[in-house]
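A.B. asks: Here you go, one structure.
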Amino acid sequence: MLRRAFRLTLTRTVFRMRDEHDLIHQCQTGDEQAFRHLVKRYEDRIYGLACSIIGDREAAKDAAQEAFIRAYRALGKFEGKSSFYTYLYRIATNVCLTVAQREQRRPDSVSLDGMQEANAMALDRFWGTDEPQNDIDRIGLRDQIQNVLNLLSPEHRAVVVLKDIEDLSQEEIANVLGLSIGTVKSRLSRARARLRDLLMPLYREWRE
């Protein structure tokens, strides 16, 4: 049963990769409908990424749209040396960092409607414990975590989002941000330490 499940998962992954490769090829020949399929596949993840880095829903929508526009315009140069999502994440992250650095948004309240389920496990990653089970408490906790996340510099925020929310490897993050792995490790360590200090009062309040 386990082997069968593994083979099925592997088959689906290979099919998805081939399907994506075909869509990209169609896009490069001017097929806009093919690109719409790629947008539909990744729009939630890119919007979630933008929400986390920028911290504002409206600005995140604009940044996500801009990222897809840039990705489409540059598809002719895409050679497939990296995966498409790495290519797309690189463009989206750069757009989001530009917006965050320019506007330096620090909202008092942020909705995380576009965030992936991985964001709900943020505390688990930092403290190795379970999150609140009550839906209202969980939503409130996510909002508060995002508010704290917004206190980091855009550069530190980006590495935390890509690693702890988007679950990219350090090598992938280095590729997306155009940094050395050593720089990624250093920023991630400093960002996590800062987050831990900022989140500790929240954690104590939740545990009480």
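The values are calculated or read from the model by the stated rules, or taken from the named source; none is laboratory data. No experiment lies behind these values; they were computed from the predicted model shown. Because the Cβ atoms are built from the backbone with ideal geometry, glycine has one as well, and the counts that use them run over all protein chains shown.
A.B. asks: From ILE46, ILE69, ILE54, which residue is out of contact with any helix residue (DSSP H, G or I) (no Cβ under 7 Å at 6 or more places or on another chain) and of a type in the set (A, V, I, L, M, F, W, C)?
C.D. replies: ILE69
A.B. asks: So GLU66 passes all but one of these: (1) modelled with pLDDT under 90; (2) among the charged types (D, E, K, R); (3) buried (at least 16 other Cβ atoms within 10 Å of the Cβ). Which condition number does it fail?
C.D. replies: Of everything listed in (1) modelled with pLDDT under 90; (2) among the charged types (D, E, K, R); (3) buried (at least 16 other Cβ atoms within 10 Å of the Cβ), GLU66 misses just condition (1).
A.B. asks: Does GLY80 meet the test of being farther than 17 Å from LEU177 by Cα, surrounded by fewer than 16 Cβ atoms within 10 Å (Cβ to Cβ) and either touching a residue at least 12 places away in the same chain (Cβ under 8 Å) or touching a helix residue (DSSP H, G or I) at 6+ places or on another chain (Cβ under 8 Å) (or both)?
C.D. replies: Against the criterion (farther than 17 Å from LEU177 by Cα, surrounded by fewer than 16 Cβ atoms within 10 Å (Cβ to Cβ) and either touching a residue at least 12 places away in the same chain (Cβ under 8 Å) or touching a helix residue (DSSP H, G or I) at 6+ places or on another chain (Cβ under 8 Å) (or both)), GLY80 qualifies.
A.B. asks: Please enumerate the residues belonging to region 17-60 that are among the hydroxyl-bearing types (Ser, Thr, Tyr) and within 14 Å of the chain's Cα centre (by Cα).
C.D. replies: Answer for region 17-60, where residues must be among the hydroxyl-bearing types (Ser, Thr, Tyr) and within 14 Å of the chain's Cα centre (by Cα): TYR42, TYR47, SER52.
A.B. asks: For a quick check of your reading of the model, give me the residue pairs whose first member lies in region 171-194 and is surrounded by fewer than 18 Cβ atoms within 10 Å (Cβ to Cβ), whose second is in a helix (DSSP H, G or I) and polar (S, T, N, Q), with beta-carbon atoms closer than 6 Å and at least 6 apart or on different chains.
C.D. replies: ILE181/GLN170
A.B. asks: Suppose we filter region 161-170 for residues that are assigned to a helix (DSSP H, G or I) and crowded, with 19+ Cβ neighbours inside 10 Å; how many remain?
C.D. replies: Residues in region 161-170 being assigned to a helix (DSSP H, G or I) and crowded, with 19+ Cβ neighbours inside 10 Å: 5 in total.
A.B. asks: Give the residues of region 62-107 that are outside any helix (DSSP H, G or I) and touching a Phe, Trp or Tyr at 6+ places or on another chain (Cβ under 8 Å), sorted by residue number.
C.D. replies: Within region 62-107, just PHE78 meets the criteria.
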